[in-house]
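Before any comments, here is the structure.
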Amino acid sequence: ENSTERRKPVENLHWEPLAPACRVLVSREHTFNTDTILLAHFAAPKHKERCIDLGTGCGTISLLWQANYAPRHITAVELGEQAFSQALRSVSENGYEENIEVIRGDIREIKKIIPHPTLDLAACNPPYKAVGAGLRNPDERMENARHECTCTLEDVAKAGRDVLRFGGRLCLCQRPERLADAMNVFRSYGLEPKRLRLVQQRINTAPSLFLLEVRRGGKPGLSVLPTLIIEDENGGFSAEMLEIYGNYKFGHEGGRADGRK
């Protein structure tokens with residue numbers, strides 16, 4: 001266990017609504033943002049699918065999946081002690097214990113949790129910066145959330161290969177500057193890029209995010225979806241963003257939270 005994490009106090013622990021009759025316990029260190037909501041929607045599971053949320057954080061993606069799509073089963077894996085605790089409490093609060101299993105574990109040792117490649121869907125909202133890129137954060141929890149200290153693109157690819165059945169799919173979000181890296185890494189692990197969507201804040205800005213689906217054993221052929229625009233010409237959410245958010249009610253500033261998951 002991480003003794004540094006245990007010693008640090010948890011700041012601003014409170015509940016946030018996600019959907020009707022569904023809420024998530026967040027803190028300054030372990031929260032969620034617009035990227036999390038977009039990935040949960042992009043990676044929407046089918047009703048009978050068996051899913052895994054790699055690095056679930058406070059559990060937002062797993063909770064949204066269960067609230068909106070009710071797949072057969074969701075395994076939510078989280079390494080950090082505090083984030084795991086928040087996810088566990090959120091699952092219990094919503095009465096999802098039979099549907100979502102929260103496991104404290106390392107995706108780099110995913111075979112200890114899922115011994116065989118049997119799952120239909122995996123999702124991961126990984127750290128966006130490679131180690132050594134950008135400013136470092138003295139708070140270890142925040143540092144791990146932003147830099148690839150405990151979760152690299154290769155770690156995600158290995159985990160996806162190890163848990164997904166043939167034809168199973170893995171979805172993730174990342175910054176556009178990492179797109180070439182992601183394509184190369186996933187292909188090297190037998191995960192073929194199949195679906196790509198860029199996300200822009202406004203119509204006249206460069207993309208700030210990409211959403212990517214790769215498929216284990218998939219044939220070459222990438223479908224590039226229309227770019228998702230977050231804001232309309234008046235600075236509010238676009239019609240598509242409002243549709244994606246659905247019944248999730250919170251202010252625009254909440255969707256631009258600085259914290260990760």
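Loop only per DSSP, at most 16 neighbouring Cβ atoms within 10 Å: give me the GluC sites (Glu not before Pro) in the range 159-244, ordered by residue number.
Glu233
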Assuming 0.36 nm per residue, please report the length gained on full extension of the stretch Ser208 to Glu154 beyond their Cα-Cα distance.
17.3 nm
Starting from the 7 Å offset along Cα-to-Cβ, what nm value, one decimal, do you get for the label separation of Leu225 and Ala239?
1.8
Just reorder Lys219, Lys194, Lys111 by solvent-accessible area, largest first, 1.4 Å probe, all chains present.
Lys219, Lys111, Lys194
With every protein chain in place, the accessible area of Tyr69 for a 1.4 Å probe, in Å² rounded to the nearest 10, comes to 70
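Quick one: net charge of His73's neighbours, Cβ under 13 Å, K/R +1, D/E -1?
Numbers: positive: Lys46, Lys48, Arg50, Arg72; negative: Glu49, Asp53, Glu97, Glu98, Glu101, Asp120.
Result for the local shell: -2.
Accessible area, 1.4 Å probe, largest first: how do His73, His47 sort? Walk me through the numbers on the way to the answer.
Values: His73 55, His47 125 Å².
Solvent-accessible surface, decreasing: His47, His73.
The values are calculated or read from the model by the stated rules, or taken from the named source; none is laboratory data. Just so you know, these numbers come straight off a predicted model, no measurement behind them. Positions of Cβ are generated from backbone atoms using ideal geometry, with glycine treated the same way; all protein chains shown enter the neighbour counts. The area values use the complete protein model at the heavy-atom level, side chains included, leaving out ligands, DNA and RNA. Shrake-Rupley method; radii C 1.70, N 1.55, O 1.52, S 1.80 Å.
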